[in-house]
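Participant: Have a look at this one.
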Amino acid sequence: MILLPLTTISCQGIGGDVPSWQVNKKLYHQADAATTTVKVSLWDQKAWLLDEQERVILKTDVATGVPGKETPTGKYEVLEKMEQKRSNRYGKYLHAETGEVMVEKSWLHQGALPEGAVYQGTEMPYWMRLTWHGVGMHVGKFRKRVRCSFGCIRVLDEAQPLIYRKTRVGTRVTVFEESLLQKMAEKENFGWRSLWAQ
């Protein structure tokens, strides 16, 4: 069970570079994970969780893929959900006994590995797989409106668990190239009585 505060908290990132998110408490509690959908805009670097009536339950800043490893646009369904997930492609090599970092970025390493090195994938909590070639939504660090992933959709650590709990395998996720701000604004209602924002 997840508890939402009863008070309104000011958004982070207003006028700055810190990402922000908002949720309508009432709609969130009423939402059925079997009927929600998610929309993502690469232009806006934002994602929206919507209910079956296309009302915005939650909106959040996100970070998508860098040039050359862009997040693919299109219509997807959540293929897999895992609260705890580590990347099998991006991570680092640690010393098996001491835990000391031996290779910081495994994907850039060439040649033989140092003796005693073991792989540790980057954490990707609240993983929602969108493709079988490694693209998904998950918690990740980023700066507002800065694309910084290798194709995944990074979401704030406060917002992604909420999205995760209101979706399921099979939930539709649509990734758009264009801006959705105007369309989504018509579907939002973040009045102070229903708002939990940070």
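Bear in mind these aren't lab numbers, they're just calculated from the coordinates by the rules spelled out. Quick caveat: nothing in here was measured; it's all calculated off a predicted structure. We place every Cβ from the backbone using ideal geometry, glycine too, and count neighbours over all the protein chains shown.
Participant: Taking the Cβ-Cβ separation of GLU177 and LYS144 as r and a Förster radius of 22 Å, what is the calculated FRET efficiency to the nearest 0.05?
Facilitator: In this case the efficiency is close to 0.70.
Participant: Quick one: among ASP157, ASP51, ASP61, which has the greatest mean-square fluctuation in a GNM of the chain with alpha-carbon springs under 10 angstrom?
Facilitator: Maximum among the listed residues: ASP157.
Participant: Could you calculate the FRET efficiency of ALA33 with VAL103 from 1/(1 + (r/R0)^6), where r is the beta carbon distance between them and R0 is 41 Å, rounded to 0.05?
Facilitator: It comes to 0.55.
Participant: To continue, here is another question. Can you tell me how the stretch 83-198 classifies by the Cα gyration tensor, rounded, prolate or oblate, using a/c under 1.5 as the rounded cut?
Facilitator: Because a/c hits 1.5 or more and a/b exceeds b/c, the stretch 83-198 counts as prolate.
Participant: Using only alpha carbon pairs under 8 Å that are at least six residues apart, calculate the relative contact order of the chain and give it in whole percent.
Facilitator: Over the chain, the number comes to 35 percent.
Participant: With r defined as the distance between the Cβ atoms of ARG55 and THR131 and R0 fixed at 35 Å, what FRET efficiency is calculated, to the nearest 0.05?
Facilitator: 0.80
Participant: With viscosity set to 1.002 mPa s and temperature to 20 °C, compute the Stokes-Einstein D of the chain, Rh being the Kirkwood radius across alpha carbon pairs; µm²/s, no decimals.
Facilitator: My calculation gives 121 µm²/s for D.
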